[in-house]
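Engineer: Below is the structure I would like to discuss, written out as structure tokens.
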């Protein structure tokens, strides 16, 4: 019985960590740390859309939702006295995991190509792919399937998770 509980504990820990996984973005080492985000430009690509669970959002609506979430997340951390920067996001797919994937502790995600430059064109965050998972707890197995949020909640959590991840990439903790 002890062996089974260890396996369950390890599975649970792996599942919890899977819900937090993101691809880390890399800033230019010489980039200024105090930044003032003056514009956020989100554009659709051929891959922009919802995959996985069905949710009725056009690419234009997804772009608008991501732009609003990112602008809100970055505004909270932007420094009016900092170096003015522009954020450009080429939005890829929003993958909303289904119940079967949730049982395997997989998380919904957003994929995008992101770059951050000063208004003079100097790179702060060079163009790179960022994949960010939904915010919230992910449990494996039956608990994961039972705890699956509604598709609208999952979409909102996923977009918010992307905005927070991008904020963390642009404004790293000092």
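The values are calculated or read from the model by the stated rules, or taken from the named source; none is laboratory data. Not measured: the values here are computed from a predicted model. Using ideal geometry, Cβ is built from the backbone for each residue, glycine included, and neighbour counts are taken over all protein chains shown.
Engineer: On the given criteria, is residue 91 modelled with pLDDT of 90 or more, part of a helix (DSSP H, G or I) and in contact with a strand residue (DSSP E or B) (Cβ under 6 Å, 6 or more places away or on another chain)?
Structural biologist: No; evaluated as a whole, the condition is false for this residue.
Engineer: Here is a follow-up. Residues being exposed (fewer than 14 other Cβ atoms within 10 Å of the Cβ), in contact (Cβ under 8 Å) with a residue 12 or more places away in the chain and outside any strand (DSSP E or B): count how many of those fall in segment 27-57.
Structural biologist: The qualifying residues number 4.
Engineer: Out of everything in segment 58-82 that is touching a residue at least 60 places away in the same chain (Cβ under 8 Å) and surrounded by fewer than 16 Cβ atoms within 10 Å (Cβ to Cβ), what residue ends up being nearest to residue 124 (Cα to Cα)?
Structural biologist: If we take residues in segment 58-82 being touching a residue at least 60 places away in the same chain (Cβ under 8 Å) and surrounded by fewer than 16 Cβ atoms within 10 Å (Cβ to Cβ), then 77 is nearest to residue 124 (Cα to Cα).
Table: residues versus (1) at pLDDT 95 or above; (2) crowded, with 20+ Cβ neighbours inside 10 Å; (3) touching a helix residue (DSSP H, G or I) at 6+ places or on another chain (Cβ under 6 Å).
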site	(1), (2), (3)
105	no, yes, yes
122	no, no, no
126	no, no, no
134	no, yes, yes
144	no, yes, yes
151	no, no, no
170	no, yes, no
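Engineer: Among what's in segment 94-103 and is buried (at least 16 other Cβ atoms within 10 Å of the Cβ) and in a helix (DSSP H, G or I), pick the residue that is modelled with the lowest pLDDT.
Structural biologist: The extreme case among them is 103.
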